[in-house]
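Participant: Below is a structure I'd like to ask you about.
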Amino acid sequence: MKELRLHSMKSHDCHVFMQKLIPIAFREMLPESVWSVLTEVNLLFQILCSTTLDVNRVQELEARVAIILCNLEKIFPPSFFDSLEHLIVHLPYEARVGGPV
């Protein structure tokens, strides 16, 4: 890390970095309520984007995704949300029916 910048990372490396390490780094910077909701969103996408889907975990996500969005709405102002943020509600069902992406 020269000048606090990351160099020579390939796209997969950046993806792994964002998915695994940034939530850990944000834990100290953000309030617990904000960090926990963002970590839940991160976990949701980790489960949905995995190469193999565990049907039980996806069904748990289907039951939990509305609560996650409600918690996000408590943190961020209404102007943050448009129709795309609310499409997250449908992703666990679509992943369960259609299989992994």
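Any read-out appearing in this document is the output of simple, stated calculations on the displayed coordinates, not a laboratory observation. In this text the structure is predicted, and so the values were computed from the model without any measurement. Every residue, glycine as well, gets a Cβ built from its backbone with ideal geometry; the counts of neighbours run over all protein chains shown.
Participant: Pull out the extension gain between Glu60 and Asp82, defined as 0.36 nm times the separation in residues minus the alpha carbon to alpha carbon distance; nm, one decimal. List each step's numbers first, then the result.
Facilitator: Numbers: separation 22, 0.36 × 22 = 7.92 nm, distance 2.48 nm.
Result for the pair: 5.4 nm of gain on full extension.
Participant: As an exercise, identify the chymotrypsin sites (Phe, Trp or Tyr not before Pro) in segment 31-82 lying in DSSP coil whose Cβ has no more than 16 other Cβ atoms within 10 Å.
Facilitator: Details: sites: Trp35, Phe45, Phe80, Phe81; in loops: Phe81.
Taking segment 31-82 and a limit of 16 other Cβ atoms within 10 Å, the loop chymotrypsin sites (Phe, Trp or Tyr not before Pro) found are Phe81.
Participant: Can you give the relative contact order of the chain as a percent, counting alpha carbon pairs under 8 Å and 6+ residues apart?
Facilitator: After rounding, I find 31 percent.
Participant: In addition: Can you list which of the DSSP-assigned H helices in the chain have a Cα extent of 27 Å or more along the long axis and an average Kyte-Doolittle score of at least -0.5? Please report the intermediate quantities before stating the final value.
Facilitator: Working: long enough: 55-75 (30 Å, 0.46).
Length and hydropathy pass: 55-75.
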